[in-house]
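Below: one structure, written as structure tokens.
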Amino acid sequence: MNLYIFNEMRRGGAIFGVGTYIRELTAALKDCEIKVCVVNYATEKLRIQKEEIDGIQHWYFPAPFQWTANNPEQWALYYRNIVYLLQLHIKDKKGLIFHLNYMECKPLADALKSVFDCKIVFAVHYLRSVMTLLGNISRLRRIISQPDEPIDAEEISAKNHYLQEKELLQSHGVDKIICLSHHTFELLHHDYQIEKEKMVVIYNGLTDLLPVLDKQTLHLDPDIPMFLFVGRLQEAKGLIYLIKAFRKVLEEFPNCRLIIVGNGNYDTYMREVGNICMNVIFTGLLEKKDLCELYQNTTIGVMPSLTEQCNYVVIEMIMHGLPIVTTNAPGLAEMTEDGISSVQIPVIEHTGKMGIDTALLAEKILYLLNHPNEAKILGANARKRYEKQYTVEVFRKNMLNFYSLLNE
């Protein structure tokens with residue numbers, strides 16, 4: 001079997017967790033009988049390059065020097081050129097599987113299918129239609145069921161993304177679809193009219209870092225409660241609600257700290273922080289080692305997202321045995337068990353918008369602070385949840401079984 005995993009470097013390799021997914025997938029498939037190659041395209045390289053990393057081949061194809069980045073016709077031409085070059089470089093064409101990861105790559109799937117005798121797998125890491133509406137599925141259903149074109153710019157964008165996504169997923173060029181959650185599976189079946197037989201649910205997995213953590217270098221006061229948020233600083237992640245809730249927490253625990261890890265629109269959130277700035281720390285992006293140290297020193301992890309699928313930050317938090325407060329957003333709701341391995345609060349729809357009750361979020365955080373034994377049990381159960389469902393070993397087993405069945 002020859003597996004080629006595609007990664008578009010123009011998108012930074014980290015958007016929607018695709019970079020992490022490819023890194024963990026290649027680690028999971030290391031030393032197996034499948035010949036694995038990662039095809040990195042739209043890179044900043046000036047020429048085609050190849051290198052081997054931990055026994056896995058990585059190929060790099062440069063982006064064109066002059067082009068309009070969002071021009072579909074130019075992308076289609078670029079994809080055809082990539083496929084032409086792959087014809088020259090792929091020598092062993094037996095058991096070919098191409099694993100795609102970006103929703104915009106239908107021309108690439110079509111071009112691959114027209115040239116190679118292959119199977120094409122597509123992993124659904126994100127649905128822009130859902131993200132545009134901040135996870136408001138009922139609103140999306142209203143939009144796609146209306147015979148008239150929507151007038152609102154947000155709804156127009158959501159419907160256009162929906163049609164683009166549906167065209168790719170229904171395409172005969174895509175043989176199998178990997179969903180990262182059961183919610184996505186059901187959504188694609190009922191609202192995108194994708195046959196259940198075409199799809200499979202495989203949760204993300206992460207390499208366990210606890211056994212290999214180095215000596216800690218952070219010197220944080222163990223008597224000061226630390227709350228940790230990790231993610232992009234954008235509306236869908238719900239950070240604005242966490243900051244508002246944190247203000248209420250400070251009324252009872254004035255010395256606690258909120259640590260915010262990630263890049264994005266700092267100005268919006270720093271304005272919201274305002275006069276509690278001495279209690280809030282913005283770190284920007286962190287190296288994995290430093291982030292792991294933060295996990296080890298955190299009192300409570302918080303994931304207030306309005307929409308997710310199979311979030312890597314949640315996996316990292318439960319890997320480290322953190323008690324966590326999350327929303328019940330589709331995807332997040334099935335990652336942990338409310339009251340057993342997490343505390344969940346509802347995402348609320350109000351006048352077409354999705355939001356969170358900040359008073360309830362503060363209440364749940366305060367409850368865990370005031371009941372440390374229950375928080376400890378929650379964290380221990382979270383670690384068990386990771387070991388059962390989200391280790392790289394479980395991920396490896398599921399992916400190997402999936403590829404084997406596909407290649408029969």
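Quick note: the coordinates plus some simple rules give every number you see, no bench work behind them. Predicted, not measured: the structure shown is a model, and the values here were computed from it. Don't worry about glycine lacking a Cβ; one is built from the backbone with ideal geometry, like all the others, and counts go over all protein chains shown.
Data overview
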| read-out | value |
| --- | --- |
| Calculated Rg and Dmax of the stretch 128-233 using C-alpha coordinates, Å | 20.3, 61 |
| Förster radius 45 Å - calculated FRET efficiency between residue 81 and residue 210 (Cβ-Cβ, nearest 0.05) | 0.50 |
| Beta bridges per DSSP with both ends in the stretch 210-389, % antiparallel, nearest 5 | 15 |
| log₁₀ of I(q)/I(0) at q = 0.12, 0.18, 0.30 Å⁻¹ - the stretch 331-392, Debye sum with one point per alpha carbon | -0.38, -0.74, -1.22 |
| Between helix 372-389 and the chain: long-axis angle, C-alpha atoms, 0 to 90°, nearest 10 | 10 |
| Given the chain, longest segment not containing exposed loop chymotrypsin sites (Phe, Trp or Tyr not before Pro) (DSSP; at most 16 other Cβ within 10 Å) | 68-408 |
| GluC sites (Glu not before Pro) lying in DSSP loop within the stretch 10-109, provided at most 11 other Cβ fall within 10 Å | 33, 44 |
| Fraction of beta bridges assigned by DSSP in the stretch 309-381 that are antiparallel (%, nearest 5) | 50 |
| Neighbourhood net charge (13 Å Cβ-Cβ; Lys/Arg +1, Asp/Glu -1) for residue 54 | -2 |
| Length added when fully stretched, residue 278-residue 167, from 0.36 nm per residue minus Cα-Cα | 35.0 nm |
| Shape of the stretch 290-408, Cα gyration tensor, a/c cut at 1.5 | oblate |
| Separation between Cα centres of the stretch 16-70 and the stretch 337-408, rounded to whole Å | 30 |
| Segment residue 404-residue 270, extension gain: residue separation times 0.36 nm, minus the distance between their alpha carbons | 43.3 nm |
| Global size of the stretch 202-345 as Cα Rg and Dmax, reported in angstrom | 14.7, 44 |
| Cα long-axis angle, helix 288-297 against the chain (0 to 90 degrees, to the nearest 10) | 30 |
| Global geometry of the stretch 63-129, whether rounded, prolate or oblate, following the gyration tensor of its Cα atoms and the 1.5 cut on a/c | oblate |
| Rounded to whole Hz, the Karplus (6.51, -1.76, 1.60) HN-Hα couplings of the stretch 188-205, x for glycine and proline | 5, 5, 7, 10, 10, 6, 8, 4, 4, 5, 7, 10, 8, 9, 9, 5, 5, x |
| Candidate lysines - alpha carbon under 27 Å from residue 91, same-chain residues fewer than 8 apart omitted | 30, 35, 45, 50, 106, 113, 119, 176 |
| Acute angle (nearest 10 degrees) that the helix 392-406 long axis makes with the longest principal axis of the chain, alpha-carbon atoms | 30 |
| Sparse-neighbour loop sites [trypsin sites (Lys or Arg not before Pro); the stretch 198-307; at most 12 other C-beta within 10 Å; DSSP] | 215 |
